[in-house]
1. So what are the ³J(HN,Hα) numbers for the range 123-128, from phi and the Karplus equation (6.51, -1.76, 1.60; θ = phi - 60°), rounded to whole Hz, Gly and Pro as x?
2. Count charges around residue 33 for me, please; just the other residues with Cβ under 15 Å from its Cβ, Lys/Arg as +1, Asp/Glu as -1.
3. Sort 301-309, 231-239, 219-227 by the packing proxy (mean of other Cβ within 10 Å over each peptide's residues), most packed first.
4. Could you give the length gained on full extension between residue 105 and residue 63, defined as 0.36 nm per residue of separation minus the Cα-Cα distance, in nm?
5. How large are Rg and Dmax for the range 130-276 when calculated on the C-alpha trace, in angstrom?
6. Can you tell me the orientation of helix 11-22 relative to the chain, as the angle in degrees between its alpha-carbon axis and the longest Cα principal axis, to the nearest 10?
7. Would you calculate the separation in nanometres between label points at residue 52 and residue 237, each defined as 7 Å from the Cα along the Cα-to-beta-carbon direction?
8. Rounded, prolate or oblate: which fits the range 10-104 when a ≥ b ≥ c are the square roots of the eigenvalues of the alpha-carbon gyration tensor, with rounded for a/c under 1.5 and prolate only if a/b beats b/c?
Amino acid sequence: MAILVTGGAGYIGSQAVKELLQRKYEVIVFDNLSTGHRELVRGGSFIQGDLRSLEDVRTVFRHYQVEAVLHFAALMQVGESYADPQKYYLHNLTSSLNLLQAMLEAGVKYFIFSSSAAVYGQPAEIPILEDHPLLPLNPYGASKFMVERILPDYDRAYGLKYVSLRYFNAAGADPDGELGEWHEPETHLIPSLLLHLLGRNPGFQIFGNDFPTADGTAVRDYIHVADLAGAHVLALEMLQAGGSSQAINLGSSRGYSVLEVVQAAEKVTGRKISPKFGPRRPGDVPVLLASGKKAETLLGWQRRFSDLEFIIETAWKWHLNH
Ligand code: UFG
């Protein structure tokens, strides 16, 4: 029996594929390579296809004995989702519905879904617990929320067992140096900053220095991509062992401001920057911080790589060599 990984050629998906292969799972990667990269898929079978085509998806289940699906494939730029919401609902919602339909037709019952802290919207309390109201502020977050909303109905009616993993800020690169963040364009803080230090992103700015935080810049909860990957395997194994459907935060309960990240990057790289401040980015909240307790207690998840300097060190190595 194999594990199907959609979006397995992407940043987090490729790291999860590596983790599954190390644990001797048979892996099938399904990716349309619109934002993923074939070079990041380090093993398993590879199928290039599009989840928006139900036929493409059905073909996979006809050819392989799939036990579980890890569903990473999605668009993930908040700004773009404001500008073109239809694109987000087609890619993130229709695709998920097709995938679930093909899974149910094939009798596949385990589903690990890549959700996001964006489902919470403006946090009413920090750290954010899983039972915090879900009030997404943008079409990206709404598309993730809608899939999450569907899943309990499919569990009740069809016995689908799922875990929605709500990522906070995914960051860092493969500790072995084989995989890393490769987005075009790059919008995330750590890679944008490191590319700036490498002279490849001259326009780097800090978005906002008037937030109600200690230094005025926004605070986020950065999680190493290898820790995220590990959590997927734990969630899968929880379901295989008969565990119940869940939504679980993947965060560290520890926040860093943008300026703290800049300082850490200066320390790790030995290079200096004089950051320019720009206006706040629309929709950015001052502080996003997860309670990571549920992942620890329910999955036994331990963060091995999520120290900020280690995150930056691994990302720096990746960008230097890539
Ligand atoms: N930032 C800058 N300059 C940059 C890039 C980012 O100052 O060039 C700031 C942002 O304004 C934000 C922080 O750095 O305050 C982190 O920004 P990222 O773009 O790296 O991450 P976000 O917190 O905006 O987004 C992340 C995920 C999204 C998800 C969101 C949850 O990347 O997919 O968390 O709200 F939707």
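Rule-based calculations on the coordinates, nothing more; no lab input. If you're wondering where the values come from, they're calculated on a predicted model, not measured in any experiment. Please note: Cβ atoms are built from the backbone with ideal geometry, for glycine as well, and neighbour counts cover all protein chains shown.
1. x, 8, 8, 10, x, 7
2. Values: positive: 38, 52; negative: 31, 39, 50, 56, 184.
Value of the local net charge: -3.
3. Details: 301-309: 17.6, 231-239: 21.8, 219-227: 25.0.
Packing proxy ranking, top to bottom: 219-227, 231-239, 301-309.
4. 13.8 nm
5. Values for the range 130-276 (Cα only, Rg and Dmax): 18.4, 57 Å.
6. 60 degrees
7. Result for the modelled spin labels: 3.8 nm.
8. Details: a/c = 2.19, a/b = 1.33, b/c = 1.65.
Judged from the Cα gyration tensor, the range 10-104 comes out oblate (a/c at least 1.5, b/c at or above a/b).
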